[in-house]
1. In debye, nearest 20: dipole of the chain around its Cα centre with unit charges on the Cβ of K, R (+) and D, E (-)?
2. Given the options A97, A74, A49, which has the most mean-square fluctuation in a GNM of the chain, springs set between C-alpha atoms less than 10 angstrom apart?
3. At each listed q (0.17 Å⁻¹), what is the log10 of I(q)/I(0) that the Debye formula gives for the stretch 38-102 modelled as equal alpha-carbon point scatterers?
4. Given Cβ point charges of +1 (Lys, Arg) and -1 (Asp, Glu) and nothing else, what value in debye, to the nearest 20, does the dipole of the stretch 1-54 about its Cα centre take?
5. Provide the convex hull volume over Cα atoms per residue for the stretch 3-77, in Å³.
6. Can you spot the aspartates and glutamates whose alpha carbon is less than 16 Å from K64's alpha carbon? Ignore those fewer than 8 places along the same chain.
7. Note down the relative contact order for the stretch 11-91 as a percent, whole number, built from C-alpha pairs under 8 angstrom at least six residues apart.
8. Can you compute the radius of gyration and Dmax for the stretch 73-115, using only the Cα atoms, both in Å?
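Bear in mind that the values in this text are calculations on the coordinates, not laboratory data. Here the structure is a predicted model, which means the values were calculated and not measured. Cβ sites come from the backbone with ideal geometry, for glycine too, and all protein chains shown count toward neighbours.
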Amino acid sequence: QVQLVESGGGLVQPGGSLRLSCATSGSIFRFSAMGWYRQAPGKQRELVATITTRGDTNYADSVKGRFTISRDNAKNTVYLQMNNLKAEDTDVYYCNARLAQMAYWGKGTLVTVSS
């Protein structure tokens, strides 16, 4: 059973920073890739950033230069460092992990960017 537990969301002012964490059950090396997605009410879930086992990363254009995805293999954890946050970054952020043909999701953590 794959469990993904997100943490680190909260309320932050525009221009501020947050770091999200996604802790996995078991070894992180099982997954071919992990990533972060976000979803606003009534909208489709969209990709934010992904990272492969080799460390290759991919970002949505809207977050390039502001967000950084990383992984700590010893802690079986993936992070999303979010800097220079904007109001439009307000969403529920979900951790994703891919294992063979399956995709697994965490329950999400809410990020609110507001003054």
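1. Numbers: 13 positive and 8 negative charges, 40 e Å.
The calculated dipole for the chain is roughly 200 debye.
2. Maximum among the listed residues: A74.
3. Listed by q, the Debye log ratios stand at -0.66.
4. Numbers: 6 positive and 2 negative charges, 21 e Å.
Roughly 100 debye for the stretch 1-54.
5. Details: hull volume 8.7 nm³, N = 75.
Taking only Cα atoms, the stretch 3-77 has a hull volume of 117 Å³ per residue.
6. E46, D56, E88, D89
7. Working: 133 pairs, mean separation 32.3, N = 81.
Relative contact order comes out at 40 percent.
8. Looking at the stretch 73-115, its Cα Rg and Dmax stand at 13.3, 42 Å.
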